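Please treat every number below as a calculation from the coordinates, not as lab data. Keep in mind that what you see is a predicted model, and the values were worked out from it rather than measured. Because the Cβ atoms are built from the backbone with ideal geometry, glycine has one as well, and the counts that use them run over all protein chains shown.
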Amino acid sequence: MTRTVIQCGVLFDGRLTPPRTNAAVVVEDGVVVEVADLTEVDMSTATAVADHRDATVTPGLVDAHVHTSWGRDDQAGWDWAGTSAVGHFAWGLAGARAALAAGVTTVRDCGGPGLVTLQVRDAIATGLHPGPRMRVCGPCVTTTAGHGDFIGVTADDVGELRKRVRELTVAGVDHIKIMATGGDMDPHTNRRRPQYDDEELAAVIGDAHRLGLTVVAHCNATAGIRGAVQAGIDTIAHCNWLGEVEGTIDYDRDLARQIVDRGVFVDLNVAATIRPLAEFDGLEEEWEGWDLPPANRWELHREIRAAGGRILFSSDEFGEDLATFPQLLARAARELGIATEEVVHRASDVPAQALGLGTEIGTLVPGRRADLSVFAGDLRSDPDGFGSCREVWQGGIRVVRDGAVVVPGGGPA
Ligand SMILES: [Zn+2]
C-alpha cells in the first residue's frame, strides 16, 4: 500500500466552503482517505510526502467544454493539423497534454472532426500518452447550413436526428452535442433563432437518454433554451438569452426558474461571460425587478446563481489553448468579483457532476479519486497563481512536476 501525504499551504476542496490553511490530503492507493490539519496527520506511516506548504492545492480542474481536436486558423500549427485525420489526432494529443500540464485532469469535448476525439480519448486511456480523462461527443449534431456544420454531422428532421444519435452511440461517444440554435462563426446561421423545433429537440434528447447518454445543447437564443429545457436537456452551453430582434436580450425569469428546479447545468464560457453584454448581444431597456441591468453574462445569471443553479465555468478552447483554462479562472476571480472557492467549485465539483462523475472526482474529500493540482502561491490573495501550475496528480500519481509532464518513473513522457 502507498500512503502519500500532500502538505498544502492553502487547500480548496472543491466545495463552496472557505479554504483551509496548513492542511494535508492523505492518499492511499490513489484514493483520498483523510483531509486534516497538518499537525494532526500521522506522518510516520507515509511512504511519500509532497511539500506544498507554500502553494495552493485544488481538485484537478474539470473543463466541461473544450474542442481538443479542432482549431482556429490563427493557432500555430493548425494549418498543418487541419489538413488530415492524423493531423487532428496529433493536435488533439498536444492539446490534451498541454491541458494536463496546466492543471486540468478531466475534459468534456464538445465537438471535433469526425471521430478523432474518440481516438484521442482512447489513446490517453491506454496510459501511453499523458492527458486528462476525456468524455467526448465525436462530431456535434447540427442542421444543413447550421452552426458548426463544417465540423459536425447534419440532421434535418426527427428521423435523421434519431439516426445520428444511434450511429454515434454505436461509435462509442460519451454524450451528444446538439446545436439547438445558430452561432456566430458561420456564414449561414442565425444565432437568434432555434435550428430545431420542440419536437426535434425532444426526439434527440429523448433517444439519447434512452441509450444512456447525456446531451449538451448549444443555445444562444432564448427560444432554443426553452425548447431544450422542455425536452429535458442536461447541459445548456452558453445560455445567452438572445432575443429574436438584433440587439435584444430576452431573459425569461420563469424559464430560469425551471433551469434551477430541473437541475439543468449551465455551461458558461469564462471569456464570453466576462465580456460586456452591450458589446455583443445588445440589451433590453427594461429590467423589471432588477436594480441595475446586467453588465455581462455572469450578471445575467445572477438569479440562477442566487437560487443555487448548477452553473459551471468552461474554456470552450481549442487544441493547445486548452491550457489557458486556469488563467481564465484567474480572470473570473478578479473581474467577476467572486471568491476563489466559488471559482474552484464551478471548475471542479459542478462540472464533475455534469459529467456524471461527481462521486468520483471534483472534490478532495475522503473516498474521491486523488486527482489534484498544485498552483504557485496563495490563490486567495493572488488568483494569477492559477497560471503557474506546479504539480498535477492523477489517481495519486504525480504526472506533472515543476510544470512539466513526467511519467511515474520521473522522466519526460
Ligand atoms: Zn464550443
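In the frame of its principal axes, region 1-152 has Cα extents of 61, 32, 25 Å, reported largest first.
Excluding the sites themselves, what is the longest stretch of the chain that contains no GluC sites (Glu not before Pro) in a DSSP loop with at most 13 other C-beta atoms within 10 Å? Maximal segment without exposed cleavage sites: 1-243. Cβ-Cβ distance of Val170 and Ala272, R₀ of 25 Å, FRET efficiency by 1/(1 + (r/R0)^6): the value works out to about 0.15. May I ask for the angle, rounded to the nearest 10°, between helix 158-171 and the longest principal axis of the chain, with both axes built from Cα atoms and the value confined to 0 to 90°? For 158-171 against the chain, the angle is about 20 degrees.
Centroid-to-centroid, using Cα positions, region 341-413 and region 167-198 are 31 Å apart. Only bridges with both residues in the chain count here: give the DSSP antiparallel percent, nearest 5. Percentage antiparallel, nearest 5: 45. Stretching Ser44 away from Glu299 to a fully extended chain increases their span by 86.8 nm, per 0.36 nm per residue minus the current alpha-carbon distance. Compared with the alpha-carbon gap, the fully stretched path from Asp54 to Ile338 is longer by 99.9 nm at 0.36 nm per residue. Mean separation of Cα pairs under 8 Å and 6 or more residues apart, divided by the residue count, gives region 61-354 a relative contact order of 19 percent. Taking trypsin sites (Lys or Arg not before Pro) as exposed when DSSP calls them loop (any state but H, G, I, E, B) and at most 16 other Cβ atoms lie within 10 Å, what is the longest stretch of the chain free of them, the sites themselves excluded? Here the longest run is 73-261.
From helices alone, the chain scores -8000 deg cm²/dmol at 222 nm; the rule is -39500 (n - 2.57) for each run of n ≥ 4 DSSP H residues, then divide by the residue total. What the Cβ-Cβ distance of Asp74 and Ala307 gives, at R0 = 41 Å and to the nearest 0.05, is a FRET efficiency of 0.55.
Highest mobility in the GNM of the chain, judged by mean-square fluctuation with C-alpha springs under 10 Å and restricted to Val215, Val35, Val86, is found for Val86. Once both labels are positioned 7 Å from their Cα atoms along Cα-to-Cβ, the gap between Thr144 and Asp29 label points is 5.7 nm.
Computed on the Cα trace of the chain, the radius of gyration divided by the Kirkwood hydrodynamic radius gives Rg/Rh = 0.97. Annotation for Val245 and Met1: the two label points, set 7 Å from Cα along the Cα-Cβ direction, are 6.8 nm apart. Give the separation of the Cα centroids, region 14-42 to region 116-142, in Å. One Cα centre to the other: 31 Å.
Shape analysis of region 173-215 places it in the oblate category; the axes a ≥ b ≥ c from the Cα gyration tensor give an a/c of at least 1.5, with a/b not above b/c.
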